[in-house]
């Protein structure tokens, strides 16, 4: 791979402008103190000092709502027209926890029955990650072996070194991107990696320390544990945890026809916290109360995902801790499992 | 900017035409369908026990088991209970109408492991639909399988599905016995009266060299499993099919997740020892 590069901070805007000329650029934008990933035409307004976006950039691979195909049933053969794919894109400024979450989504969507809608977006997206120099009070990526200064799965990793960014080129896609605007980059003077370690140290040291040792093994025997009765009491079933989660991937499929023969089928994010999620036609409901639904969410992240895909279904981004209106928090659940299991 | 090349999408259905409709009961119809593009069926490769996502575009999509055996060429059959929004619309279809289908999904009955063995099928109501694909498969390959016993029941005579099979076609095939029962006495019914699990025990079956396959309402399955255990059947030789609400059929949408399994891709066919490893969600 290409040797480490360096990018002066006053060149970031030029880099973003250059990228936006040849690809769709998606980057974090702050408005009314909320940071979100949005398609932008230039580097104007892009922020890289944010701690984490309020919702993950998952949307650009698995949109909250996504047209799958259009149909026309007035046509005697029921013509189906597939959706056009996405243009080449650069997803800029992704934090290491969110990069890991994309690798976890790959395990789901790029498995048996490869999901072409997801894979099209994945193939056409170059991911530029940014290391964390600071952490939020809700961060615990270390619990899942994630390092705020590493981003396996990204194509390029930037690390803020004060006056410049260290640029680590991790893949072919990354090489292509850097090569396409090589005049903006300088070679790293060799001090970059050491400076990076120092720069990301606060994010490692200050984050919540959660030890997952033994949690999975305990959960293997805790399906009927009374803690699900008590922990689920305060859940209000709003589904916010699943909406802000970078690894949640459940969806519904719906036809929209507006009372006409022409319409489209779309899929949209759904949540295991909603009663209708598992309710079958005829009324059969295997998860009738908040207890079963709360249990399903935590069991899925910390036990079932491990059994199926060999990794936890959580990256410790802390969004659900911050947004849950009743503080039903996966970090607390992990602690509780260790206490009572 | 570039646009994608068209790639085969597992979530995009094929269009088929309804070629025959059989009224099974007051709320069950069997639909025979043929794909508009004959190549689709040639490459379909469906096996007994597998399912398809059926949809009427603009209404919705549901997972339905394929009730016909792959030995019956040129078409697929689906037996559908009128129970929800989509199935109400499907029940209004006429011969010649279109239906959208994708699949086949899921695993299948272990037809190779079952070779040389006797088959004991215990089904209730519409539960005969998924196992009918297995029964016809075994009977169409008659020499490959031992005796076939079907214990089948419904609440009333009207609610018995596939009357043409259970009374006319299957009993005429050698080493094949069909034991039919209904829950309560009815005029003009001189067959057995009683619940399926009790009738199965009354008939008595040896577990030797026999695989039991059961499908029906949960309460029936519960007592059938107890009965089979009493008769000495081992968990590995007791097979059932599970169902849960599904949307994608390809192990991604999360609805049919139970433990580490997705019923749509890892099931619907499980043996009892596999089911005992799953979290007890049912």
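In table form, for the structure just shown:
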item	result
Subset of the range A:65-91 that is surrounded by 13 or more Cβ atoms within 10 Å (Cβ to Cβ), more than 9 Å from chain B (Cβ to nearest Cβ) and under 21 Å from the mean Cα position of the chain (by Cα) - its residue that is nearest to residue A:268 (Cα to Cα)	A:66
Residues (in a loop (DSSP other than H, G, I, E, B), at the interface with another protein chain (Cβ under 8 Å from one of its Cβ atoms) and crowded, with 20+ Cβ neighbours inside 10 Å) located in the range A:249-275	A:249, A:250, A:270, A:272
Residue in the range A:129-152 that is under 15 Å from the mean Cα position of the chain (by Cα), closer than 19 Å to residue A:55 by Cα and within 14 Å of chain B (Cβ to nearest Cβ) present	no
Selection within the range A:296-308 - at the interface with another protein chain (Cβ under 9 Å from one of its Cβ atoms) and touching a helix residue (DSSP H, G or I) at 6+ places or on another chain (Cβ under 9 Å)	A:296, A:299, A:303, A:304, A:305, A:306, A:307, A:308
Residue check, residue B:172 at pLDDT 95 or above, exposed (fewer than 15 other Cβ atoms within 10 Å of the Cβ) and either in the same structural domain as residue B:199 (by TED's automatic domain parsing) or under 23 Å from residue B:226 (Cα atoms) (or both)	yes
Selected residue [touching a residue at least 40 places away in the same chain (Cβ under 8 Å), farther than 24 Å from residue B:275 by Cα and either out of contact with any helix residue (DSSP H, G or I) (no Cβ under 7 Å at 6 or more places or on another chain) or assigned by TED's automatic domain parsing to the domain that holds residue B:67 (or both)] from B:146, B:204, B:127, B:191	B:146
Residues of the range A:1-38 that turn out to be more than 16 Å from residue A:178 (Cβ to Cβ), touching a residue at least 24 places away in the same chain (Cβ under 8 Å) and either in contact with a helix residue (DSSP H, G or I) (Cβ under 8 Å, 6 or more places away or on another chain) or assigned to a strand (DSSP E or B) (or both), as a count	5
Residue B:120 vs. criteria surrounded by 22 or more Cβ atoms within 10 Å (Cβ to Cβ) and at pLDDT 95 or above	yes
Qualifying residues in the range B:65-100 (those that are closer than 16 Å to residue B:126 by Cα and more than 11 Å from chain A (Cβ to nearest Cβ)) - the one farthest from the chain's Cα centre (by Cα)	B:91
Selected residue [in a helix (DSSP H, G or I), crowded, with 24+ Cβ neighbours inside 10 Å and within 14 Å of chain B (Cβ to nearest Cβ)] from A:105, A:117	A:117
Residue selected from the range B:233-265 under the condition surrounded by fewer than 21 Cβ atoms within 10 Å (Cβ to Cβ) and in a helix (DSSP H, G or I), by the criterion nearest to the other protein chains (Cβ to nearest Cβ)	B:265
Residue in the range A:92-99 that is over 20 Å from residue A:146 (Cβ atoms), surrounded by 15 or more Cβ atoms within 10 Å (Cβ to Cβ) and either modelled with pLDDT of 95 or more or more than 12 Å from chain B (Cβ to nearest Cβ) (or both) present	no
Test for residue B:122: is it more than 15 Å from the chain's Cα centre (by Cα) and in a strand (DSSP E or B)	no
Residue B:56 being in contact with a strand residue (DSSP E or B) (Cβ under 7 Å, 6 or more places away or on another chain) and more than 12 Å from chain A (Cβ to nearest Cβ)	no
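The values are calculated or read from the model by the stated rules, or taken from the named source; none is laboratory data. Nothing here was measured: the structure is a model prediction, and the numbers come from that model. Virtual Cβ from ideal backbone geometry, glycine too; neighbours counted across all protein chains shown.
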